[in-house]
1. Provide the net charge surrounding residue 48, with neighbours chosen by a C-beta distance below 14 Å and charges set as Lys +1, Arg +1, Asp -1, Glu -1.
2. Taking each pair of distinct Cα atoms in the range 21-233 once, what is the resulting Kirkwood hydrodynamic radius in Å?
3. Assuming a viscosity of 0.890 mPa s and a temperature of 25 °C, what translational diffusion coefficient in µm² per second does Stokes-Einstein assign to the range 29-130, Rh being the Kirkwood radius over Cα pairs?
4. Just add up the charged neighbours of residue 27: K/R +1, D/E -1, any other residue whose Cβ is under 15 Å from the Cβ of residue 27.
5. Run the numbers on the range 21-233 and let me know its relative contact order in percent, using alpha-carbon pairs under 8 Å that are six or more apart.
6. Going by how many other beta carbons lie within 10 Å of each one, how would you line up 228, 112, fewest first?
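FYI, it's all coordinate maths here, none of it is from the lab. Predicted, not measured: the structure shown is a model, and the values here were computed from it. Here the Cβ positions follow ideal geometry from the backbone for every residue, glycine too, while neighbour counts run over all protein chains shown.
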Amino acid sequence: MPRRGAEVRPEGSEGPGSVVGSTRATAILDVEHPIVAALVERVRREAGPEGGARAALRLAHGIIAREVRPVYSVEDRHPASRTLRLGRGSCSQRMAVLESVARALEVPTRVRGLLVDGSFWYPRFPRLKPLVPEHVLLAWPEFLLDGEWVPIAELFGSLSELRASGGAEFTNRGGETLFDAVSRTAVDWGGNGNGAGTCDSTGTACDLSAHVVLELGRFDSRDELFARHGQTLCWTARHISEPVLGRWSAGARTTSRA
C-alpha cells in the first residue's frame, strides 16, 4: 500500500483570514440531494425555531453519530448523500455530512487542511502498522457562527470548557472516532493542551499537535483541499482497499459485511 498518494504543496495554502467559506453545494457537499434535504428538514423540525444554528448543528451531529455507523472507508470524496444512504462512513465522511447540513442551514463552512502522522492511527490497527500510511490528509471543518469561525472541536463548547467538563479519555481505538469525541472532550490540533501528543490525566483534553506534520491552510471546501493535495491513498490503493475498509466498523476485530 503506498505511503501517501498526494504531493504536498504548502506554498499554495491560504491563511485563515483570506478564506471566507461558502454555503454552496459541491460534489462532496451535495446539499440539495433529497436524502440530505430530508436530514436537514428533520434537524429543523427537532431543533425548533428558537434553537439557533449552533443548537441545530449539535443536534445534527448527534443524529449522524447515532445513525451513521463509523467505518474505515478511505474514499474521502464520496458525496454526503452516499454516506447517508449507506448508513455508514469514515470520520471524514461523517464530518462532510455535518458540513452539508450546515450549508443547507445557511451556515458557511470551510476546512483546515492537516497532514497528520500515520502513527496517530496505530492504536486502531496494532497488527497492521506497516499498512498504515505514513501521513494522513485530514479535512477539519470550521463553521461561521455568530460572526466567528468555530472548528468542529469547539461546536460543543470552547476547549477550556470541554476540558473542565470531565469525561473518559479519547484513545483513538474502539468504536469512538474523532467525530464522536468532539461532543465530550477537547480535541486540540493547535498545541494549547496539556502536553503535545497526549491526553491529560483525567482524559478531558487531548493535545494532538505533535501528530501534525504540516499545516496546509484553510480551504473554502473539502473538495478544494482534495483537488489541490489529493487524498491520503492513491487511486489504486483506494480501489483495492475500499471494498473491505468501507465496511469495516470502527472498533471491530474483523470486517463487517453488513
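1. Result for the neighbourhood of residue 48: +2.
2. Hydrodynamic radius (Kirkwood, Cα pairs) of the range 21-233 is 17.3 Å.
3. Rounded to a whole number, D works out at 168 µm²/s.
4. Summing Lys/Arg as +1 and Asp/Glu as -1 gives -2.
5. Here the relative contact order equals 23 percent.
6. Lowest count first: 228, 112.
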